[in-house]
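Trainee: Pasting a structure here, questions to come.
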């Protein structure tokens, strides 16, 4: 399931819940910092589930002690991209893990058109399915 | 409502007294500094009580400037301050990020802002200690990027008072010029604390405290010699208060080690721990005093 029934994008953690408040985001960041994960802020206007690499907003933040600094960056990013998807990721650099441990959306466009299913008929009446974001028809930056 | 509040109990409960006591025990002298720290601590405790009674007054501004000659304990007190603010619940994490101009100011256009912001983000929830802050402002170069760092700093100091405390430190005269040319900075700092120079006997006491930390002690004669040493050292250029004391003791340790090895005698634990007068008298600073001492003895 890539969206809920009202076309709300569901990716990462907490995406079936109502929007996180700043206080809740702070608690989540606090959790990541406790584990010494480095937290980064990323944004995109192409929310296709296979679009793994979103644009980074600034560098990932290392050696922070307090969530206030990250919340500041999130709010800066929201100001710059009010109509983009913005997510917060927490990267665990422990040897052998070296991958994101948390990822959750903190900002989404006002209107989310959702995804369409495209059926392509191929040899022998087989069908190939493609998921296509309605918003992605428009050029980058004008999608939402 | 005539309910009374036991302030004494609240004060004890906050754990501030322990920090202040260790401040008293481990930092010699600095009476005006300790007084101001005590006042700040009192304000924060009272503020907490007022908040419980819904007497909101807004978070007090706690940005500070520490001025004083080299080696008067500015950095040490800043570390203590971070701990104290954490105990009082004013800063959430209580860590201290110590930076200088290099950490804030970039080398080319557009490099400064991200650099400064990164440092500020790291300091959030704690204390940002900017050593030799006057280097941030270089009036002789109008394209210097220091000004940009100052502006970002000011903005955060104003808007995120709950998130971090900024402490600027530096030598008195240069800090005064710095504040004169940056009135915005001066007015945003509520506490200007001046660190006085130590008196000679205070420096001896500091020396003894340092030695105690290293498990050494001065013999009675050495203590007298050390008093002389400090009086003489003060007259010489580049005197840096407690730092000079520390360096002098470092060298005395070397001489003691050398003396013990040269003596070829079996030694006991006490000898290993004791710094004798000759370890101090051999110092370059004391060179003339030796001759005068001999002359007077003659």
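The values are calculated or read from the model by the stated rules, or taken from the named source; none is laboratory data. Please read all numbers here as calculations on a predicted model, not as lab measurements. Backbone-built Cβ (ideal geometry, glycine too); neighbour counts: all protein chains shown.
Trainee: Tell me which residues, restricted to segment B:196-217, are without any contact (Cβ under 8 Å) to a residue 60 or more places away in the chain and touching a strand residue (DSSP E or B) at 6+ places or on another chain (Cβ under 8 Å).
Mentor: Hits for segment B:196-217 are B:207, B:208, B:216, B:217.
Trainee: Right, here's the next one. So which helices (runs of 4 or more DSSP H) are wholly in segment B:1-100 and hold at least 2 residues that are closer than 26 Å to residue B:137 by Cβ?
Mentor: B:31-52, B:74-87
Trainee: State the number of residues belonging to segment A:84-99 that are more than 13 Å from the chain's Cα centre (by Cα) and surrounded by 14 or more Cβ atoms within 10 Å (Cβ to Cβ).
Mentor: Qualifying residue count for the region: 2.
Trainee: For the list (1) surrounded by fewer than 20 Cβ atoms within 10 Å (Cβ to Cβ); (2) more than 20 Å from residue A:72 (Cα to Cα); (3) more than 14 Å from chain A (Cβ to nearest Cβ), I need the number of the one condition that residue B:65 fails.
Mentor: Looking at each condition in turn, residue B:65 falls short on (1).
Trainee: Are any residues in segment A:28-43 within 11 Å of chain B (Cβ to nearest Cβ) and in a strand (DSSP E or B), and if so, which ones?
Mentor: Of everything in segment A:28-43, just one residue is within 11 Å of chain B (Cβ to nearest Cβ) and in a strand (DSSP E or B), namely A:39.
Trainee: Which residue is surrounded by the most Cβ atoms within 10 Å (Cβ to Cβ), if the candidates are limited to segment A:8-26 and must be in contact (Cβ under 8 Å) with a residue 40 or more places away in the chain and over 15 Å from the mean Cα position of the chain (by Cα)?
Mentor: Selected residue: A:26.
Trainee: Quick one: which of B:225, B:231 is under 30 Å from residue B:78 (Cα atoms) and in a helix (DSSP H, G or I)?
Mentor: B:231
Trainee: Which residues, taken from segment B:151-169, are part of a helix (DSSP H, G or I), touching a helix residue (DSSP H, G or I) at 6+ places or on another chain (Cβ under 8 Å) and closer than 26 Å to residue B:37 by Cα?
Mentor: If the condition is that a residue be part of a helix (DSSP H, G or I), touching a helix residue (DSSP H, G or I) at 6+ places or on another chain (Cβ under 8 Å) and closer than 26 Å to residue B:37 by Cα, then B:153, B:154, B:156, B:157, B:158 are the ones that fit.
Trainee: Still on this structure, please answer the following. For the subset of segment A:44-59 comprising residues that are touching a strand residue (DSSP E or B) at 6+ places or on another chain (Cβ under 6 Å), part of a loop (DSSP other than H, G, I, E, B) and more than 14 Å from every other protein chain (Cβ to nearest Cβ), which member is modelled with the highest pLDDT?
Mentor: Going residue by residue through segment A:44-59, those that are touching a strand residue (DSSP E or B) at 6+ places or on another chain (Cβ under 6 Å) are A:44, A:47-48, A:54-57.
Keeping just the survivors that are part of a loop (DSSP other than H, G, I, E, B) gives A:47-48, A:54, A:57.
Filter once more, keeping what is more than 14 Å from every other protein chain (Cβ to nearest Cβ): A:47-48, A:54.
Working: A:47: 90, A:48: 91, A:54: 94.
So, considering only residues that are touching a strand residue (DSSP E or B) at 6+ places or on another chain (Cβ under 6 Å), part of a loop (DSSP other than H, G, I, E, B) and more than 14 Å from every other protein chain (Cβ to nearest Cβ), the one modelled with the highest pLDDT is A:54.
Trainee: Right, here's the next one. Being over 17 Å from residue B:92 (Cβ atoms), facing another protein chain (nearest Cβ under 9 Å) and in a helix (DSSP H, G or I) is the filter here; which residues of segment A:60-85 pass it?
Mentor: Once the filter is applied, which keeps residues that are over 17 Å from residue B:92 (Cβ atoms), facing another protein chain (nearest Cβ under 9 Å) and in a helix (DSSP H, G or I), segment A:60-85 yields only A:73.
Trainee: A further question follows. Among the residues of segment B:113-145, which ones are buried (at least 22 other Cβ atoms within 10 Å of the Cβ), in a helix (DSSP H, G or I) and away from chain A (no Cβ under 14 Å)?
Mentor: Result: B:133, B:134, B:136.
Trainee: Do you know which of the residues in segment B:83-105 that are within 14 Å of chain A (Cβ to nearest Cβ) and modelled with pLDDT of 90 or more is farthest from residue B:165 (Cα to Cα)?
Mentor: B:103
Trainee: How many of the residues in segment B:236-265 are in a helix (DSSP H, G or I) and more than 20 Å from residue B:205 (Cβ to Cβ)?
Mentor: Residues in segment B:236-265 being in a helix (DSSP H, G or I) and more than 20 Å from residue B:205 (Cβ to Cβ): 10 in total.
Trainee: Next question. Take the conditions in contact (Cβ under 8 Å) with a residue 12 or more places away in the chain, surrounded by 15 or more Cβ atoms within 10 Å (Cβ to Cβ), assigned to a loop (DSSP other than H, G, I, E, B) and touching a helix residue (DSSP H, G or I) at 6+ places or on another chain (Cβ under 7 Å) and apply them to residue A:109. Does it pass?
Mentor: No, not satisfied.
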